[in-house]
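**Q** Would you mind keeping the following structure in view while I ask a few things?
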């Protein structure tokens, strides 16, 4: 009896091994699955800083370069710390299966007041001129339906995201004007605190949102503009989610439990996002992806400051000292698999319905290995497929979740249309 049992178990083990070998999909089979998903669901990336590159490299002229050429070999930017090739162009957008792209109309936090409004409008104009110049490849999108339609036409739906609350110059009228010009999200704060919202990378000024900041969120809900919480402090995240009547997004953020960067999202906020039906769109920036890289970046900055103080007026000695430090402290690798780890962690805590993609291409100095440009999204989805993600869930992370959040924000706006436009001012609310 014992021999018979062993024989049966051995046979079963062989059968399982054989079945497992047959069930393990090949790279070609996984690629075919990903291609099928991207044919039926638009891949929507939450954040791309290419418009600022147009301003910096080409003096705001969309005729100063050919967007249909491979721009990965562009020369370094003068004074741009050696940054060379661009991460975005039309051929690679198509190769990456990109169906919708939020183009960031970022401006520096140092630009404030009326100048901030003018510069933001100029950045919006760049996006629209790009779409007008390449109508066979790009199309302006102002709604979820627009994204779906343009994707079916084989064009990249081009959306606009304002990357800092300072860009409205504390004016509800300017906020409404940006919406009328096509902006469909605004990041409440960027690298520093502004007059109504705290940044993740500044000491707290409001400990979240000021009363005017809460009114801004309410007006964004009324308009149908997504509230973006990337770059804001955890207190601001919690305050905004608590008052928002529509789903919020994080256009380019990771999980703080994996990389303890203040830009990333803590677990308690992920739980709030789940209840809010929001979306956390995973960032590819290396310091946010890898905690080892985050710590290395901090150590490098400290060493750079030390060498600058030790070797004042001696650039060659500073350069040699930093070269020696770098040789002794190699920069940690960051890989595509680590980005997938963030996506899986967000899914674990927040649920599969609240995770998306927000690479931050052309807004970061370097990229994870395997994610060098906008053509690499299929490789990331393939990694998730190998980890057991179904086609349905791949479609959700690719763009389905963002589409759903945008539709819910649009529905909230329709419900709030009876509410008159906000006439709140920062002077009266934040006395």
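The values are calculated or read from the model by the stated rules, or taken from the named source; none is laboratory data. What you see is a predicted model, and the numbers here were worked out from it, not measured in a lab. Because the Cβ atoms are built from the backbone with ideal geometry, glycine has one as well, and the counts that use them run over all protein chains shown.
**Q** Take residue 100 and tell me if it is over 14 Å from residue 177 (Cα atoms) and under 21 Å from the mean Cα position of the chain (by Cα).
**A** Values: over 14 Å from residue 177 (Cα atoms): yes; under 21 Å from the mean Cα position of the chain (by Cα): yes.
Yes: the conditions hold for residue 100.
**Q** Given the criterion touching a residue at least 40 places away in the same chain (Cβ under 8 Å), under 26 Å from residue 388 (Cα atoms), surrounded by 14 or more Cβ atoms within 10 Å (Cβ to Cβ) and touching a helix residue (DSSP H, G or I) at 6+ places or on another chain (Cβ under 6 Å), identify the matching residue among 265, 349.
**A** Result: 349 is the single residue among 265, 349 that is touching a residue at least 40 places away in the same chain (Cβ under 8 Å), under 26 Å from residue 388 (Cα atoms), surrounded by 14 or more Cβ atoms within 10 Å (Cβ to Cβ) and touching a helix residue (DSSP H, G or I) at 6+ places or on another chain (Cβ under 6 Å).
**Q** While we're here: Condition first: in a loop (DSSP other than H, G, I, E, B) and over 20 Å from residue 349 (Cβ atoms). Now tell me which residues in region 214-264 satisfy that.
**A** Within region 214-264, 224, 225, 231, 245, 246 qualify.
**Q** In region 175-223, what count of residues is obtained for those that are on the phi > 0 side of the Ramachandran plot and under 21 Å from the mean Cα position of the chain (by Cα)?
**A** So the first thing to find is which residues in region 175-223 are on the phi > 0 side of the Ramachandran plot, and the list is 182, 207-208.
From what's left, under 21 Å from the mean Cα position of the chain (by Cα): 182.
Of the residues in that region, 1 qualify.
**Q** Kindly state which helices (runs of 4 or more DSSP H) lie completely within region 90-196 and contain at least 1 residues that are closer than 21 Å to residue 59 by Cα, at pLDDT 95 or above and touching a strand residue (DSSP E or B) at 6+ places or on another chain (Cβ under 6 Å).
**A** Values: elements: 90-95, 113-133, 144-152, 172-181.
Fully inside region 90-196 and qualifying: 113-133.
**Q** Do we have any residue at all in region 362-371 that's under 16 Å from residue 249 (Cβ atoms), touching a strand residue (DSSP E or B) at 6+ places or on another chain (Cβ under 6 Å) and surrounded by 15 or more Cβ atoms within 10 Å (Cβ to Cβ)? Outline the logic, then answer.
**A** From region 362-371, those under 16 Å from residue 249 (Cβ atoms) are none; that's our starting set.
Scanning region 362-371 turns up no residue that is under 16 Å from residue 249 (Cβ atoms), touching a strand residue (DSSP E or B) at 6+ places or on another chain (Cβ under 6 Å) and surrounded by 15 or more Cβ atoms within 10 Å (Cβ to Cβ).
**Q** Can you tell me which residue is surrounded by the fewest Cβ atoms within 10 Å (Cβ to Cβ) among those in region 42-64 that are without any contact (Cβ under 8 Å) to a residue 40 or more places away in the chain and under 14 Å from residue 125 (Cβ atoms)? Please lay out each step first, then the result.
**A** Taking region 42-64 as the starting set, the residues that turn out to be without any contact (Cβ under 8 Å) to a residue 40 or more places away in the chain are 56-59, 61, 64.
If we keep only those that are under 14 Å from residue 125 (Cβ atoms) as well, we get 58-59, 61.
Details: 58: 14, 59: 8, 61: 12.
Taking the candidates together, the pick is 59.
**Q** Considering only residues that are in contact with a helix residue (DSSP H, G or I) (Cβ under 8 Å, 6 or more places away or on another chain) and farther than 20 Å from residue 104 by Cα, look in region 173-197 and name the one that is surrounded by the fewest Cβ atoms within 10 Å (Cβ to Cβ).
**A** Filtering first and then ranking leaves 195.
**Q** Under the condition of being in contact with a helix residue (DSSP H, G or I) (Cβ under 9 Å, 6 or more places away or on another chain) and over 22 Å from residue 177 (Cβ atoms), which residue from region 122-138 is surrounded by the most Cβ atoms within 10 Å (Cβ to Cβ)?
**A** 138
**Q** Being crowded, with 16+ Cβ neighbours inside 10 Å, at pLDDT below 95 and more than 15 Å from residue 364 (Cα to Cα), is that true of even one residue in region 67-87?
**A** yes
**Q** Right, here's the next one. So, residue 385, is that one touching a residue at least 40 places away in the same chain (Cβ under 8 Å) and under 18 Å from residue 148 (Cβ atoms) or not? Before you say what the answer is, go through the steps one by one.
**A** Details: touching a residue at least 40 places away in the same chain (Cβ under 8 Å): yes; under 18 Å from residue 148 (Cβ atoms): no.
When the stated conditions are applied, residue 385 does not pass them.
**Q** Return a yes/no flag: does region 331-342 have any residue that is closer than 30 Å to residue 411 by Cβ and crowded, with 18+ Cβ neighbours inside 10 Å.
**A** If we filter region 331-342 for residues that are closer than 30 Å to residue 411 by Cβ, which is where we start, we get 342.
Then drop every residue that is not crowded, with 18+ Cβ neighbours inside 10 Å, which leaves 342.
Yes, some residue in region 331-342 is closer than 30 Å to residue 411 by Cβ and crowded, with 18+ Cβ neighbours inside 10 Å.
**Q** Answer yes or no as to whether residue 402 is within 14 Å of residue 46 (Cα to Cα) and either surrounded by fewer than 19 Cβ atoms within 10 Å (Cβ to Cβ) or touching a helix residue (DSSP H, G or I) at 6+ places or on another chain (Cβ under 9 Å) (or both).
**A** Details: within 14 Å of residue 46 (Cα to Cα): yes; either surrounded by fewer than 19 Cβ atoms within 10 Å (Cβ to Cβ) or touching a helix residue (DSSP H, G or I) at 6+ places or on another chain (Cβ under 9 Å) (or both): yes.
It is true that residue 402 is within 14 Å of residue 46 (Cα to Cα) and either surrounded by fewer than 19 Cβ atoms within 10 Å (Cβ to Cβ) or touching a helix residue (DSSP H, G or I) at 6+ places or on another chain (Cβ under 9 Å) (or both).
**Q** Moving to a separate point now. If only one of 258, 241 is in contact with a helix residue (DSSP H, G or I) (Cβ under 8 Å, 6 or more places away or on another chain), within 25 Å of residue 425 (Cβ to Cβ) and surrounded by fewer than 24 Cβ atoms within 10 Å (Cβ to Cβ), which one is it?
**A** Values: 258 fails: within 25 Å of residue 425 (Cβ to Cβ).
Matching residue, one of 258, 241: 241.
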